[in-house]
Amino acid sequence: MSAEIKNKIDSLTQELKEHTYRYYVLAQPTISDREFDQKLKDLETLEEAYPQYKDPNSPTSIVGGEVTKEFNTVRHDTPMLSLGNTYSKEELYDFDQRIKKLIGDDFEYTCELKFDGFAIGLKYREGKLVQALTRGDGVQGDDVTTNVKTIRSIPHLLVGNYPNEVEVRGEIFMHRKAFEKMNRDREASGEKPFANPRNSAAGTIKMQEQTEVAKRPLDAFLYQVIGDEKEFRTHGGSLEKAREWGLPVSNELRTVKTIEDVWGYIESWDEKRKELSFDIDGIVVKVNNFSLQHDLGFTAKSPRWAIAYKFETERASTRLESISYQVGRTGSITPVANLDPVLLLGTTVKRASLHNADVIAELDVRVGDIVYVEKGGEIIPKIVGINLDLRPQNAQTTEFIHVCPECGTELIRKEGEAAHYCPNESGCPPQIKGRVEHFISRKALDIDSLGEGKIGILYDSELVKNPADLYDLNFDQLVGLSKTIVNEETGESRLISFREKTAQKIVDGIVASKNIPFHRVLYGLGIRFVGSTVAKKLANHFKTIEALSVASFEELVAVDEIGEKIARSVLSFFAEDQNNDVIQRLKEAGLQMEAEKPEDLVSNVLDGKKIVVSGVFNTFSRGDLKKEIEKHGGKNVGSISAKTDFVLAGENMGPAKLAKAEKLGIAVISEDDFIAMING
Ligand code: IVH
């Protein structure tokens, strides 16, 4: 147990050190702030419980990056700390409670924007900018003075009544427009564009050639004056002074009395931030009075008197690298956008669905475009727009593929359907494997011992090409089969092999599936448009696979909720000999091909009677009437045909229906007649 915990602490420590390095030194993070913060919190919790395993250089006690080799390393006069942060209102209110416990409730907060850039400390001596240091590891940073001097908004000389020596700290960032233009230029010269303004600001300040830095439009806001407490009484006041010395200070700072006011400021900026010309990633809340700040003090890495409330990003922009096409089990072709990985709401997004040819045409999305990605309700994010300003000049209109990427068969597109299909049902590998995978899936035959890529192995070994083949498998054939599976997302490879235990589980799972009820077997057959609800309807209505397989179009559409599209699909499924062969073999293997009698069958008085319910009733609701019909062995049908036994009519039954019943000579009975019938 303790070895396990030590391992966990070691691996989290190592992982976080790597991410910190990627973020601060390389300016190329691969996980989101949120993921990082969560991991840091996990590590902190573990370290608190098991301090004996804590690394003395743990990322939980060190502020951030480290110094880069190319610049002079200089020690900060005052350590350059980070801020505690949160994404939740509750934790913000906890912060308020903690402060009140320590200093009572007579104090003010300042609320400020949290600029999403790169921290910098500027030292002015006798009004002259003498040094600009990056945060580095918080204790010592890189001297990037020459680069910082290229930033127009940072004065080389202060004006007015400035102190003899002062350090001001703030954030260097890039405006979104400038960032976009810079990316366009990079692209024109064949360089890879930056993913977001923060990364490009950080990347720029670390450049070695000052002339290059000067070409990149950086800006800055300063948010902290390090100086003598007595000189300025409050944080807000000190920033006012800094503004008077000619330093860039944001106008958006507000001083408030309560945490409710703080929350109001946060809420208003969560909306308004989209209108800003630069990115902010949250709001920083600080106790305004310096002597109270002093009383509150610091933890190992951050001040107790401040907290950052972070917003989540909802939309990301990234480059469309390529479009690939996936073939589903029914042969439908789905275009997929392969994206330059981008962080969005806590996860790295590499792919987005493009749905079909119409969606591609409507968006006019082209390889090379910078696209906007959002996460909707779906698991796979979607492309919601394109930044046309950034379209590469040579970007080609996307032409949908004409042949199947898996088997080379010419694709077809049916009237009125959005998707393209590969018609090679019996020879296209993903369709064959997909059908078997569907058959064993949870809502169908639920053979979970065959999950996780095992069907691929059985297909590659030529043991399984259709669901019926599963029931011919035996233990000896399975033992020893293996395959290396590569996870496309992570690139990790994994060897899947069937040991004796696995083989036995598979055999047992297959045997158990013989008890799965008929409607799930029917769903498992994978008839296009026959989902689990439709399968249930068909199974309840036709009772046996034989009856369903010979049902006519009219009989099919007469079933409640079965439309023409489904009926045609069922007919074409049973028109294929191959499908009937599979069904025959499944039946011989002992699968359920008949609906069980409903358990709550009350009587047989309506046995097999096809009944249409229409109009409004007094005693029963229409739904209840339908249930009553089934309880007494009858069948609900949707529309009146020659095969209808009778129409159960309530008030307001449509005149057309009544006329049809009369014309076909079908009895029309009332609710009272019906009640008498089932009771007697
Ligand atoms: S105050 C003792 N105010 O966010 C630390 N920081 O996640 C004082 N930041 O390290 C920092 N806007 O790099 C402060 N208005 C603001 C800020 C701000 C952006 C950055 C800064 C800080 C980091 C914390």
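Listing for the model above:
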read-out: Boolean, Ile151 is touching an Asp or Glu at 6+ places or on another chain (Cβ under 9 Å), more than 15 Å from the ligand (Cβ to nearest atom) and β-branched (Val, Ile, Thr); value: yes
read-out: Residue under evaluation Lys272, criteria (1) near the ligand (Cβ under 10 Å from one of its atoms); (2) closer than 18 Å to Cys111 by Cβ; (3) open to solvent by 60 Å² or more (accessible area, probe 1.4 Å), criterion not met; value: (1)
read-out: Criterion: outside any loop (DSSP other than H, G, I, E, B) and touching a helix residue (DSSP H, G or I) at 6+ places or on another chain (Cβ under 8 Å) - qualifying residue of Val605, Val613; value: Val613
read-out: Filtered residue count, the range 641-678, keeping only those that are assigned to a loop (DSSP other than H, G, I, E, B), more than 52 Å from the chain's Cα centre (by Cα) and more than 11 Å from Ser614 (Cα to Cα); value: 2
read-out: Members of the range 391-405 that are in a loop (DSSP other than H, G, I, E, B), open to solvent by less than 100 Å² (accessible area, probe 1.4 Å) and out of contact with any Phe, Trp or Tyr (no Cβ under 8 Å at 6 or more places or on another chain); value: Arg391, Pro392, Ala395, Thr397, Thr398, Phe400, Cys404
read-out: Complete set of residues in the range 295-322 that are within 13 Å of the ligand (Cβ to nearest atom) and open to solvent by 60 Å² or more (accessible area, probe 1.4 Å); value: Phe298, Thr299, Ala300, Arg304
read-out: Qualifying residue in the range 256-267 (condition: open to solvent by 80 Å² or more (accessible area, probe 1.4 Å) and either of a type in the set (Phe, Trp, Tyr) or assigned to a helix (DSSP H, G or I) (or both)); value: yes
read-out: Residues located in the range 272-315, provided they are part of a helix (DSSP H, G or I) and either under 25 Å from the mean Cα position of the chain (by Cα) or aromatic (Phe, Trp, Tyr) (or both); value: Lys272, Arg273, Lys274, Phe290
read-out: Residue list for the range 80-115, filter: within 7 Å of the ligand (Cβ to nearest atom) and either assigned to a strand (DSSP E or B) or of a type in the set (D, E, K, R) (or both); value: Asn85, Glu112, Leu113, Lys114, Phe115
read-out: Given (1) modelled with pLDDT of 90 or more; (2) surrounded by fewer than 19 Cβ atoms within 10 Å (Cβ to Cβ), number of the condition Pro335 does not satisfy; value: (2)
read-out: Leading residue by the ranking (nearest to the ligand (Cβ to nearest atom)) among those in the range 275-294 that are among the polar types (S, T, N, Q) and crowded, with 17+ Cβ neighbours inside 10 Å; value: Gln293
read-out: All positions within the range 316-332 that are closer than 20 Å to Phe439 by Cα and either of a type in the set (A, V, I, L, M, F, W, C) or part of a loop (DSSP other than H, G, I, E, B) (or both); value: Val327, Gly328, Arg329, Thr330, Gly331
read-out: Per-region count, the range 643-672, residues loosely packed, with under 14 Cβ neighbours inside 10 Å and of a type outside the set (A, V, I, L, M); value: 9
read-out: Inter-residue pairs, beta-carbon under 8 Å, first farther than 23 Å from Ala178 by Cα and in the range 380-400, second among the hydrophobic types (A, V, I, L, M, F, W, C) and part of a loop (DSSP other than H, G, I, E, B), 6+ apart; value: Ile383/Leu354; Ile383/Val365; Gln396/Val367; Thr398/Val365; Thr398/Val367
read-out: Of all residues in the range 1-32 being open to solvent by less than 60 Å² (accessible area, probe 1.4 Å) and part of a loop (DSSP other than H, G, I, E, B), the one that is modelled with the lowest pLDDT; value: Ala27
read-out: Elements of type helices (runs of 4 or more DSSP H) contained in the range 417-518, each with 2 or more residues being open to solvent by 20 Å² or more (accessible area, probe 1.4 Å) and over 30 Å from Lys565 (Cα atoms); value: 454-460, 475-478, 500-512
read-out: One residue from Leu218, Leu133, Leu129, Leu222 being aliphatic (A, V, I, L, M), at pLDDT 90 or above and more than 16 Å from the ligand (Cβ to nearest atom); value: Leu129
read-out: Criterion (open to solvent by 50 Å² or more (accessible area, probe 1.4 Å) and touching a Pro at 6+ places or on another chain (Cβ under 8 Å)) met by exactly one of Glu212, Glu231, Glu126, Glu165; value: Glu231
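For (1) surrounded by fewer than 15 Cβ atoms within 10 Å (Cβ to Cβ); (2) modelled with pLDDT of 95 or more, each residue gets a yes or a no:
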{"residue": "Leu81", "(1), (2)": "no, no"}
{"residue": "Tyr87", "(1), (2)": "no, no"}
{"residue": "Asp105", "(1), (2)": "yes, no"}
{"residue": "Cys111", "(1), (2)": "no, yes"}
{"residue": "Phe118", "(1), (2)": "no, no"}
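The values are calculated or read from the model by the stated rules, or taken from the named source; none is laboratory data. Everything quoted here is computed from the prediction, not taken from an experiment. FYI the Cβ positions are ideal-geometry reconstructions off the backbone, even for glycines, and counts take in every protein chain you see. Surface accessibility is based on the protein's heavy atoms, side chains included, excluding ligands, DNA and RNA. Shrake-Rupley method; radii C 1.70, N 1.55, O 1.52, S 1.80 Å.
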